[in-house]
Amino acid sequence: MNVLIKSATVIDTSSKFHNQIVDVLIEKGKISQIAKSIKNTSNYKEIELDNLHISQGWFDSSVCFGEPGFEDRETIENGLKTAAKSGFTSIALQANTNPIIDTSSDVTFVLSKAQTQPVDLLPIGALTKNSESVDLAELFDMKNAGAVAFSDYKKPITNPNLLKIALQYASNFDGLVCSFPLEQKIAGKGIVNEHVSSTMLGLKGSPNLAESLQVARDLYILEYSGGKLHIPTISTKESVKLIREAKEKKLDVTCSVAIHNLFLTDDVLNEFDTRYKVNPPLRTQDDIDALIEGIKDGTIDMVTSDHNPQTIEEKKVEFDHANYGTIGLESAFSALNQIFSTKKSIQLLTKGKERFGSITSKIEEGEVANITLFNPNEKYVFGKSNILSKSKNSAFLGQELKGKAYGIYANKKIVL
Amino acid sequence: MSELSVNHLLGIKYLKEEDIELIFKTADHFKEVINRPIKKVPSLRDITIANLFFENSTRTKLSFELAEKRLSADVINFSAGQSSVKKGETLIDTVNNILSMKVDMVVMRHPNPGAGVFLSKHVDAAIVNAGDGAHEHPTQALLDSYSIRERLGSVKGKNVVIVGDILHSRVALSNIFALKLQGANVMVCGPKTLLPKHIDKLGVKVETNLRKALNWCDVANMLRVQNERMDISYFPSTREYTQQFGVNKDLLDSLDKEIIIMHPGPINRGVEITSDVADSKQAIILDQVQNGVAVRMAVIYLLASKIKN
């Protein structure tokens, strides 16, 4: 669809139009003209919205939907629609479905489900067969089918030698290996952060050590094996320090942090509300401060909503029995924009694209139009009416947030 | 204060100091009642109480049932072994099914921390937490404080040490909250592996030497080692645990002052305390049991009055 975007503030530090209010003409999926004022001579669809801002399309490196196998949580179709309305033009889809996405035909299946959608679905293939952390899955074959990275989602790689081999093997074809940072023996049966809250509530705690010990191990292995490592959703101050040191050594490592781990501390657990049962667990303000510092100095490369829909049956039970996870696509930008400046928030939502093989295009004439439209100033309390996902398990319900996505222009389609 | 500030007893941390005072004043009255020849009052003839025990219990269940019967409430009992829980029914459905038979109050023991809090948000009945995982066991803490008050006049300013498996203990946690609320000084003592790492942040002293702890305290509350809750060994052997954290008569006699020994039961004789300590005049273990009935009568009576109002 050809469109004319009117009076939009460009937030794109790589563009010469950054911070300028301009009209943007999009024809055949490309930005054909950017100017102070463009006349709509061809009678294109005109988009004029309150306090409209545009940026490069946003990307999320860790999203779960549920299809195949858990369609009652979320389907790929509705999940991608939710992503589009929430401002994301590409998402990396985790392989924790049933069956697990661990073959090229599985990768092809999820890609086929996304074919007509404006949002790019970037499949993550399982690192090991059935994500059992025993034998490597056919990584090369999955990469050729379109897998952008390899991960057993929240299942840690328990065998250090397996990680070593995975990194060495995947380096043959520039494959990105993800290793969830959790040392299971130290974590034991811990389900929340080990701190005052867990002590007060009698819930089993998992200490920061359970994360940082695994991060330290993984970085040692990476230093030996070479290859490309991504450590998803770190949550502790110790992990930030370890990754900062690894980057100083020029190791090829990236990491992400889940937005809820930046926004909420474990204090919210006091009513045993299962919406806050997430993995990694919500930590302390000390950890949040270190994570924000890590974001500012570039130690942390990207943020993720770590979107994980769970049905009411999986959440409305005793805390011990509830599944982990919160949805996060709908609240991602507004929550980030509450913590950081809009410029920084956008940077965090676009920075991981290259690492995960998503298209990157600037807001410049001649570039492919892959754009998010948003209003950074609108303040609101996040409620059920803001949820577009099939599952409603959001840790952000009731939180005051700032800024809303209007939608996207991507793959020659506009979603508002 | 003539009524409780809460509609449920989910934990001590949800109570105010005045709530505890009111419960104790009411318990004083009921203690007098249960020592009469006719140990029963007609107060709750119009109330039906369900005792839901999703985890094994002997003394707590008996104590609650007796308290309810002494108040003339109608009582039904339910335990997980005979229930539909094993058929996959959720906790909310199980309880709502029971409540639809016109039950006013639920006394629940459950293996999961927060089960009582969870239930109170989703069903329409007063909930009394009779122990939820390693979270709270509020009536035990209330009867413990009541027993200290009975023996020493008050709890305020007293030094109380809780000895043993603090990590897996709801009794320890509720006692810490209750004692602190009433102005006692609280210490925990045990092997470091059985002390929660952040327990000091609850405002308690931490000691790993039993003799030092006992020399400091007026009251020692000896907890049972909960082997059934341990996923790995937190100490090499019971023998070695007893060597370091068991109280025997020689140790007790060698202290500078005569301290009071408490135990929530069931006792592992020869492990946390020896028989001669358990049976000595310093031990108030059986007083605790008797006070348990009076305190539980008080809690149920006060919560029932809120339902009636």
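What follows draws every value from the coordinates through simple rules; no lab data is involved. Only a predicted model underlies this, so the values are computations on that prediction, with no experimental measurement involved. Every residue, glycine among them, receives a Cβ derived from its backbone with ideal geometry; neighbour counts consider all protein chains shown.
Structure notes:
- Most to least packed among B:107-118, B:198-209 [average Cβ atoms within 10 Å]: B:107-118, B:198-209
- Label-point gap, in nm, between residue B:239 and residue A:49 - each point 7 angstrom along Cα→Cβ: 7.4 nm
- Among beta bridges that DSSP assigns inside the protein assembly as shown, antiparallel share in %, nearest 5: 30 percent
- Magnitude of the charge dipole, the protein assembly as shown, Cβ model with Lys/Arg +1 and Asp/Glu -1, debye to 20: 760 debye
- Note on residue A:141/residue A:388: beta-carbon distance plugged into 1/(1 + (r/R0)^6) with R0 of 30 Å gives a FRET efficiency of 0.30.
- Prolate/oblate/rounded call for chain A, Cα gyration tensor, a/c under 1.5 rounded: prolate
- In terms of packing, defined here as the mean over residues of other Cβ atoms within 10 angstrom, the peptides A:211-219, B:131-139, B:60-68, A:181-189 line up highest first as B:131-139, A:211-219, B:60-68, A:181-189.
- Across the range B:201-221, the residues whose backbone nitrogen lies under 19 Å from the label position 7 Å along the beta-carbon direction of residue B:257 are B:205-207, B:210-221.
- Dipole orientation for the protein assembly as shown: of the candidates B:100, A:148, B:203, B:100 has the Cα lying most toward the positive pole (charges on Cβ; Lys, Arg +1; Asp, Glu -1).
- Helix content alone sets the calculated 222 nm mean residue ellipticity of the protein assembly as shown: runs of n ≥ 4 DSSP H residues at -39500 (n - 2.57) each, divided across all residues, give -10000 deg cm²/dmol.
- Relative packing of B:281-293, A:10-22, which averages over residues the other C-beta atoms within 10 Å, highest first: B:281-293, A:10-22
- Its relative contact order, with pairs defined as Cα atoms under 8 Å and 6+ residues apart, puts the range B:172-304 at 21 percent.
- Over all pairs of different C-alpha atoms, the protein assembly as shown has a mean inverse distance whose reciprocal, the Kirkwood radius, equals 28.4 Å.
- Candidates B:268, A:363, B:58 compared by Cα position along the dipole of the protein assembly as shown: farthest toward the positive end lies B:58, with charges placed on Cβ.
- Relative contact order %, chain A, counting alpha carbon pairs below 8 Å whose residues are six or more apart: 20 percent
- Averaged over peptide A:301-308, the number of partner chain Cβ atoms lying within 10 Å of each residue's Cβ comes to 0.
- Peptide B:100-113 - average C-beta neighbours from other chains (10 Å radius): 2
- Here the dipole of chain B is about 140 debye; that uses its Cα centre as origin and unit charges on the Cβ of Lys and Arg (positive) and Asp and Glu (negative).
- Counting Cβ atoms of other protein chains within 10 Å of each Cβ in B:161-171 and taking the mean gives 1.
- Between residue B:122 and residue B:89, the distance separating the two model label sites (each 7 Å from Cα on the Cα→Cβ line) works out to 1.4 nm.
- When the Cα positions of A:208, B:23, A:24 are compared along the charge dipole of the protein assembly as shown, B:23 comes out farthest toward the positive end, with charges on each C-beta of Lys, Arg, Asp and Glu.
- Expressed in Å, the radius of gyration and Dmax of the Cα atoms of the range B:138-284 are 14.0, 41.
- Taken as Cα centroids, the range B:240-285 and the range A:229-263 sit 51 Å apart, rounded to the nearest whole angstrom.
- Gained length - residue A:158 relative to residue A:16, 0.36 nm times residue gap less alpha-carbon distance: 46.4 nm
- Inter-label distance for residue B:74 and residue A:312, nm, one decimal - labels placed 7 Å from Cα along Cα-to-Cβ: 3.1 nm
- Working from Cα pairs under 8 Å separated by at least six residues, relative contact order for chain B is 21 percent.
- For chain A, share of DSSP beta bridges that run antiparallel, in % to the nearest 5: 45 percent
- In a fully extended conformation the segment linking residue A:244 and residue A:1 would gain 83.1 nm over its present Cα-Cα distance, using 0.36 nm per residue.
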